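Visitor: Mind having a look at this structure? Questions to follow.
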Amino acid sequence: MIGELIALVIAIIVVVVLFKVLKSVPALVMNAAIGVAALWVLNRFFGLNVAIDLWSVLVSAIGGILGVILVVVLSFFGIAFVG
């Protein structure tokens, strides 16, 4: 009886978390696309040497434009995302 109740509570928590994560997926995909486009434009037209890889895309997707700025600044100082 207690085990079934605990399993039900865990199942409800998992469903709520999955709903919240899947609800935000389109926004993350849009931010990732904008971030990749912004990094490509910065590399192509402004001569920056920022790596476009999984980590830079994730930072851009989660942080949006501020994430792109963070990636560029870290790349500029040679800390991370150097292409």
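The values are calculated or read from the model by the stated rules, or taken from the named source; none is laboratory data. No experiment lies behind these values; they were computed from the predicted model shown. Heads up, the Cβs are rebuilt from the backbone with ideal geometry, glycines too, and the neighbour counts pull from every protein chain shown.
Visitor: Across segment 35-75, what is the number of residues that are farther than 22 Å from VAL25 by Cα and either of a type in the set (A, V, I, L, M) or buried (at least 19 other Cβ atoms within 10 Å of the Cβ) (or both)?
Guide: Result for segment 35-75: 9.
Visitor: Mind listing whichever residues of segment 63-83 are more than 17 Å from TRP40 (Cβ to Cβ), among the β-branched types (Val, Ile, Thr) and either in a helix (DSSP H, G or I) or at pLDDT below 85 (or both)?
Guide: VAL73
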